Amino acid sequence: MMRAEPWQSAEVCGPTKAQGIKKTAVVGALIKKAKYPLLVVGAQALTEKTRKKSMIDYFIEFSTTHNIPIVATANTIKAFKEKGFDNAYSYGAMEITGRLQDHEWKVAPKKGPHDLVMTFGFPYYMEWLMLSALINFSPHIKTVTLGRYYQPHATWSFPNLKKQNWNDALKEILTPVGGAK
Amino acid sequence: MKVEFALTEQKRARLKADKLDTGFGSFRNVEVTIGKVVDDDWDEPMGPTPMPDVTMLRSWDHKLLTRYRPAYMPACQLCCLCTFGKCDLTSGKRGACGLDIEGQSARIVLAAANIGCAAHLAHSRHMVDHMIHEFGPRFELTQGDGVEIEAPVTRLVTGIRPRTLEEASAVLDYCETQLTHTLSAVHTGQEGSWIDFESKAFHVGMVDQVGMEIADLAQISTLGFPQSDPEAPLVEAGISSMDPKKAMILAIGHNVVPATYIMDYASETGVADKIDIGGICCTAWDIARYDAKAKIVGPISWQLRFVRSGFADVVVVDEQCIRTDIVEHAKKVHSPVIATCDKSAMGLPDRTDDDVDDIVQDLVSGKIAGVYLRDHAKIGEVVVKTAIKMHPKRKKKGSLPSKAKIKELAQACRQCSECIRACPNNQPVMDAVLAAQEGNLGPLADVYDECIGCARCESACPNDYELHSWMVKAAEGRWKQESFMVRSGRGAIKDTEIRTVGQPIVFGEIPGVIAHVGCANYPDGGRAIHDHAEEFAKRRFIVVFSGCAAMTVGTIKDDEGKSIYERRPGTFDAGSVLNVGSCVANSHIAGAAIKIASIFAKRNLRGNYEEIADYIHNRVGAVGISWGAMSQKAASIAAGFWRLGVPVIVGPHGTKYRRMLLGRADKAEDWMVWDARTGDRVQVAAGPEHLFYAVENFEEMMVMTAKLAIRPNDTAKGRSIKLSHYIDLHETYMGYFPEDIHTYIRRETDIPITLKAKIHAQMKENKWKEKPIPDPTLVRRLVYGGKGGGE
């Protein structure tokens with residue numbers, strides 16, 4: 001496991017900094033505690049894999065297991081639709097970043113306002129800024145990044161992980177804490 | 001003797017006399033102006049806001065900023081701009097001056113726009129002052145045949161119709177005053193509200209468009225550039241367009257004046273056939289506009305690769321977007337650097353007052369790495385003489401490492417990943433180095449293809465590998481073949497062209513005008529720009545280019561080896577792809593939108609900003625795109641479009657401008673307009689939905705472009721055409737029929753005929769009701785027949 005420091009060296013942030021996820025049970029506990037979690041998946045999920053599984057398949061399983069709706073940005077929505085997954089909603093990355101600053105906003109009736117947002121699949125610098133918006137203007141939301149690289153503007157983030165460790169972590173967080181919701 | 005004395009509308013005095021006897025002698029046709037000349041034989045009535053001050057258009061800005069609320073993404077949660085700080089602005093805390101994170105974020109937006117505007121404005125001032133010195137203050141300005149509404153941006157903003165260099169200078173006086181005010185607002189303890197910081201950013205963006213217009217007008221008029229020419233010549237571009245048998249001069253930057261002296265000196269002394277001059281960035285466009293034989297090496301991101309290739313016998317830098325460590329890089333390949341601009345003297349000795357032959361001797365011998373010269377004539381002579389003398393000497397010097405040397409050096413790679421972590425695009429540089437250990441340079445060549453030329457990988461490498469040179473060497477076979485044709489910058493759009501397309505644009509039958517502008521900070525190479533332009537041109541949009549984007553689009557060739565400029569006409573018409581020119585020519589794109597309001601809709605331009613911006617925002621389906629936006633200039637250019645109500649899309653790196661302007665399609669109350677015919681408040685669909693938006697990738701750019709071209713005023717036919725494109729692109733890239741089409745249907749006639757069944761089903765599901773098609777305006781006073789009133 002590498003250190004909890006920004007992957008792109010110059011992307012240092014301010015006084016607050018994400019807590020590094022040392023045990024994956026933290027993610028499970030955050031999901032369990034959250035009333036209306038949301039998963040935001042960017043287009044890098046279309047090309048990234050965990051072990052031999054596409055990240056789209058992984059997130060369908062993740063969403064189904066934890067009963068969490070997905071916002072799929074850009075053309076990521078196409079992959080979810082093609083697999084017949086119907087708990088994904090289409091917003092641009094900037095649109096969802098803006099909407100989540102509205103403390104009343106929800107992705108669908110009875111599914112919000114959101115108190116936990118998990119993110120994956122964006123260019124590092126872009127996710128860094130999206131999370132900056134949320135940490136500064138959406139204090140009601142906790143954020144968790146599920147990518148390999150440390151994102152200091154999240155509430156919780158994996159430290160920079162080797163691929164194998166990251167694969168293991170993703171597998172572990174598929175299992176709900178205390179059973180499915 | 002006939003004497004006229006007039007007080008102009010600006011209350012400045014002018015005295016004209018056909019003969020005047022004074023103690024100094026007798027003069028004929030004397031004209032004395034105290035203050036600046038104002039056009040008093042122009043019969044267009046003056047609008048309500050000539051030369052608006054910083055807050056005169058504030059209410060217009062607030063209308064836009066209420067609908068398109070800023071969404072900030074701070075790069076830093078601290079403020080360190082004064083000695084009170086650093087101040088922690090997290091969790092609602094305020095700094096010692098009282099500013100919170102929202103205000104501070106808006107302040108940074110304004111700071112960027114100020115910097116960008118200052119760069120263009122200083123360029124413009126230099127250009128105008130220099131041309132006054134060369135040609136005299138009464139030299140007449142022109143944009144060519146077929147253009148009666150010259151300088152539409154300037155007319156709109158200032159109420160002045162600049163006909164001479166002297167009048168252009170007066171316009172710049174106004175711009176400089178405004179910039180001073182908006183810059184001062186960034187000081188500690190001045191502006192305190194995000195919305196007013198934003199309004200000032202809009203203001204300085206508007207001023208920037210005026211400054212750019214004046215700069216291009218001055219150079220077009222004086223330097224023989226193409227004047228509103230749809231058939232501006234095709235010119236050769238790419239690294240291999242340069243002739244290695246000749247002494248090569250590389251000009252980098254944005255201000256063409258020094259390069260014109262180089263070309264003139266070479267011609268006048270009969271050595272033009274011994275040198276080859278090529279440009280990087282906007283100077284490239286303008287040297288090619290000056291002389292079609294000059295070469296366009298490439299966009300800004302190519303400067304380091306070309307310098308590292310070692311071809312340039314002399315590197316000449318003027319201003320803006322130059323690598324600030326250019327002297328160090330050029331020194332490694334023994335290329336002397338001539339700095340020509342006071343904004344970028346690069347630490348070089350000022351040898352302006354020295355003998356030319358002494359300067360040349362010191363440069364050629366390598367005694368000095370470069371010089372700063374303030375005298376343009378001397379620049380021409382020094383550069384040409386140095387290049388010719390350097391050429392045979394430098395031919396013997398190697399510049400790039402051999403493949404064997406790269407393999408040898410790569411063995412010591414520490415595998416620390418610092419090169420990847422430093423790369424803005426997270427490119428697999430380290431993996432490429434590890435492949436080079438085995439003698440495989442293919443991955444390094446692949447990195448080159450998407451490299452933006454920042455060389456941060458080199459700075460980060462603990463082994464001090466010259467990684468960019470390695471990439472250039474690895475890709476040698478590619479760039480040595482790099483040659484393509486681009487169309488020289490045409491300048492403004494003709495009034496006659498606007499007459500042809502004004503109505504179909506406003507009615508929506510030409511579905512939009514796409515303006516690709518700006519820099520080369522691409523997320524994954526520049527192909528996206530070409531593919532986007534080609535697709536939208538096929539769909540009968542008008543596609544306009546400027547700046548580095550205009551070069552990049554030419555790099556992609558079809559099966560017959562033709563670039564998009566060779567395949568498509570350069571007229572301002574449906575399906576065309578045209579290049580207006582360098583960065584300052586961006587003003588012609590705004591000018592075209594403004595002229596639509598004037599020529600097609602017969603609206604007065606003069607000092608009438610709010611009405612025209614309102615017209616453009618509601619009627620002209622223009623969308624600005626800067627896929628590789630990098631600079632503060634790009635920020636101020638965008639700000640100028642925002643104030644005109646024109647949406648701007650940037651690529652993913654554009655998120656680093658740290659603020660979007662986002663509409664909320666789900667909030668009906670945000671989309672209310674006045675119907676100018678009835679005075680009623682009417683809800684319209686969310687069009688354009690956003691005013692500033694960073695897309696995540698090419699696919700999102702395709703869909704967002706079509707969507708942002710929708711305007712409230714579209715006719716039924718126009719709306720139907722625009723929706724067809726939006727639906728088709730959405731289905732292609734997002735994989736399903738968009739769910740918001742019913743919101744854009746006002747009447748049955750808006751429905752694209754082939755999609756009726758699907759749309760009817762969606763309308764039924766959403767309990768659609770017919771809506772009026774208003775004559776839309778955001779400005780209540782523009783309601784006809786006195787039904788309007790105050791805001």
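Data table
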item: Across A:81/A:171; A:162/B:331; B:378/B:494; A:53/B:764, pairs whose alpha-carbon gap is larger than 29 Å; result: A:162/B:331; B:378/B:494; A:53/B:764
item: Environment charge at residue B:87 (Cβ cut-off 9 Å; Lys +1, Arg +1, Asp -1, Glu -1); result: +2
item: Other protein chain Cβ atoms within 10 Å, averaged over every residue that makes up A:6-19; result: 4
item: Stokes-Einstein D in µm²/s, Kirkwood radius over Cα pairs - the range A:1-145 at 25 °C with 0.890 mPa s viscosity; result: 156
item: FRET E, pair residue A:29, residue B:66, Förster distance 30 Å, beta-carbon r, rounded to 0.05; result: 0.15
item: Virtual spin-label span in nm between residue B:234 and residue B:449, 7 Å along Cα→Cβ; result: 2.5
item: Spatially close lysines, pair count over the range B:185-310: Cα under 15 Å, gap of eight or more or interchain; result: 7
item: Percent RCO, i.e. relative contact order, over chain B, from Cα pairs under 8 Å lying at least 6 residues apart; result: 14
item: Most mobile listed residue (A:118, A:55, A:94) in chain A, GNM with C-alpha springs under 10 Å; result: A:94
item: FRET E, pair residue B:90, residue B:667, Förster distance 35 Å, beta-carbon r, rounded to 0.05; result: 0.75
item: Helical mean residue ellipticity (222 nm; -39500 (n - 2.57) per DSSP H run of 4+; nearest 500) of chain B; result: -12500 deg cm²/dmol
item: Per-selection Kirkwood Rh - chain B (Cα, Å, 1 d.p.); result: 27.7
item: For residue A:17, net neighbour charge (Lys/Arg +1, Asp/Glu -1) across residues whose Cβ lies under 14 Å away; result: -2
item: Segment residue A:167-residue A:22, length gained on full extension (0.36 nm per residue, minus Cα span); result: 50.8 nm
item: Estimated distance in nm for a label pair at residue A:65 and residue B:737, the labels positioned 7 Å out from Cα along Cα-to-Cβ; result: 3.6
item: Potential lengthening between residue B:753 and residue B:531 on full extension [0.36 nm per residue; Cα-Cα distance subtracted]; result: 77.1 nm
item: Label-point gap, in nm, between residue B:566 and residue B:129 - each point 7 angstrom along Cα→Cβ; result: 4.4
item: Relative contact order computed over the range B:238-394 (Cα-Cα under 8 Å; 6+ residues apart), in percent; result: 27
item: Residue A:174-residue B:573 FRET efficiency (beta carbon distance; Förster radius 41 Å; 0.05 resolution); result: 0.15
item: Footprinting exposure proxy for B:163, B:308 (fewest neighbouring C-beta atoms within 10 Å first); result: B:163, B:308
item: Environment charge at residue B:715 (Cβ cut-off 13 Å; Lys +1, Arg +1, Asp -1, Glu -1); result: +3
item: Gain on full stretching of the segment that runs from residue B:414 to residue B:367 - 0.36 nm per residue minus C-alpha separation; result: 13.2 nm
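FYI, it's all coordinate maths here, none of it is from the lab. Values in this document were obtained by computation on a predicted structure and should not be read as measured data. Positions of Cβ are generated from backbone atoms using ideal geometry, with glycine treated the same way; all protein chains shown enter the neighbour counts.
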